[in-house]
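Here the structure is laid out as structure tokens; the discussion comes afterwards.
Throughout, read-outs are computed from the coordinates displayed, never taken from laboratory work. All values reported here derive from a predicted model rather than from experimental measurement. Neighbour counts are summed over all protein chains in view; Cβ atoms, including those assigned to glycine, are modelled from backbone coordinates with ideal geometry.
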Amino acid sequence: MALTLADIDRWDASSIREVASALAKKGAGADDVRTGLTKLPLIATWQGNGGDAARASLDKLSAYLATHGEEMARVSSATRASADEIDAVKASLHRIYEDAKAEGFRIDPVSGQVTPTDQGRVGDPLYALQQADLMVRIKDLLAAADEADDALARAISSAGEHSTGADKPNVSDVLSKPIPKDPKEFYRFWESLTPEERDALYERDHLIANHDGMPAVDNDYYNRKSLDGELSQAQAAQSRVEALKAQHPDWADGKNIPHPNEPGAIFDDRVKYEAWQRDYDAARNGAKNLPDLKAIDDAVRDQPDRKLMRFDSHTGRQVRAAIAVGDPDTADHVSVSVPGLNTTVAGAIGGMTDEASHVRTEA
């Protein structure tokens with residue numbers, strides 16, 4: 001999703017520098033790195049490629065960088081440089097906002113649209129030039145922001161790429177092999193893999209976490225990773241929905257829709273509306289699974305005895321999930337509760353999981 005001026009305004013370079021400091025800490029262990037990173041504001045609030053890279057690379061950073069001090073220092077330095085770029089981008093944004101206010105314009109933080117506020121100067125060639133200049137500066141700023149975001153993404157996601165020799169795991173062989181379909185064969189295949197090879201297979205296809213034959217503890221580990229990523233994306237999309245609704249509450253309610261353009265009759269408001277509607281539809285589509293994702297997260301978060309055995313929001317018409325209470329791989333007895341035909345994840349998974357917990361307690 002493209003960055004907006006509102007996204008840039010929310011950036012906090014100090015949180016990025018905290019990442020750099022965590023990586024630069026002498027003698028930091030895997031647990032230190034993981035704990036430090038998960039508590040940083042960056043992980044929860046950063047939008048764009050940089051945030052995606054940070055969230056996707058936590059395990060890579062904690063497991064690999066903690067044992068490679070030279071590589072950790074390199075990523076720390078690159079991350080700190082990205083923080084400096086972010087400061088520069090934000091400073092430019094604030095100057096643009098200040099100039100717009102002084103010259104009599106309003107800038108929409110979501111769309112970047114520059115709107116005249118001094119109606120008495122509309123039609124003045126100088127006023128039009130000032131408006132055009134602001135639009136060019138905003139375009140250049142967004143390009144610089146994308147570059148800063150990509151630089152941060154490269155700094156974080158490249159962890160381990162500069163190591164030499166046998167230090168860096170080679171996962172190309174396992175990625176070239178077919179994955180067994182039979183559960184017993186898959187189990188033997190999975191147990192033969194290194195952690196790096198398992199991670200590589202998951203990064204290629206997140207749905208491998210649902211494969212029959214995978215140990216329950218790994219089903220849970222990888223499905224929770226998928227859930228965390230999708231929940232963050234859906235929450236960001238919902239925030240954008242709310243921002244777009246606030247921008248045009250009448251359009252969101254289906255009111256005051258500009259007249260469609262026709263040959264010889266082109267209306268600027270219609271063009272703006274159509275661009276807004278595309279953004280609004282995309283944001284709502286990105287947030288459509290949020291109730292289901294939140295319900296699953298509520299059911300498993302801070303519940304180590306519960307395992308997210310199945311999670312799939314992509315291959316069907318609705319989100320699907322299955323939660324185990326306890327470990328099915330080691331249990332003496334297993335009971336299964338199946339929802340009704342029209343049951344949704346959001347409407348039932350919390351209550352059904354609590355019910356399963358009660359059954360297990362009374363057994």
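Cα centroid separation, the range 265-307 to the range 240-260: 16 Å. Converting phi to 3J(HN,Hα) with the Karplus coefficients 6.51, -1.76 and 1.60 and the offset θ = phi - 60°, the range 131-144 yields 5, 5, 5, 4, 5, 5, 4, 5, 4, 5, 5, 5, 5, 5 Hz in sequence order, with x at every glycine or proline.
Find the relative contact order for the range 274-327 and round it to a whole percent, using C-alpha pairs within less than 8 Å whose residues are 6+ positions apart.
Details: 42 pairs, mean separation 15.0, N = 54.
It rounds to 28 percent for the range 274-327.
Placing a label point 7 Å from the Cα of ALA144 along the Cα-to-Cβ direction, the residues of the range 75-109 whose backbone N falls under 11 Å of that point are 85-96.
As a proxy for reagent exposure, VAL122, VAL136 were ordered by neighbouring Cβ count within 10 angstrom, fewest first; the result is VAL136, VAL122. For THR115 and ASP297, a Förster radius of 30 Å and the Cβ-Cβ distance give a FRET efficiency of 0.15, rounded to the nearest 0.05.
Compute the FRET efficiency between GLN318 and MET135 as 1/(1 + (r/R0)^6), taking r as their Cβ-Cβ distance and R0 = 41 Å, and round to the nearest 0.05. Intermediate values should be presented prior to the final figure.
Details: r = 42 Å, r/R0 = 1.02.
Computed FRET efficiency for GLN318 and MET135 comes out at 0.45.
With both labels modelled 7 Å from their Cα along Cα-to-Cβ, the ASP250 to ASP205 distance reads 5.2 nm.
With 10 angstrom as the radius, rank MET352, MET214 by how many other C-beta atoms surround their C-beta, starting from the fewest. Working shown, then result.
On the way: MET352 18, MET214 24.
Least crowded to most crowded, the residues run MET352, MET214.
Between ILE257 and ALA91, how high is the FRET efficiency from 1/(1 + (r/R0)^6) when r is the Cβ-Cβ distance and R₀ = 56 Å? Nearest 0.05.
Values: r = 39 Å, r/R0 = 0.69.
The computed FRET efficiency comes out at 0.90.
Of the residues LYS225, LYS184, the one with the fewest other Cβ atoms within 10 Å heads the list, and the complete ranking is LYS184, LYS225. Amide H contacts under 5 Å for ARG310: ALA322, restricted to partners 5 or more places along the chain or on a different chain, H placed in the peptide plane at 1.01 Å from N.
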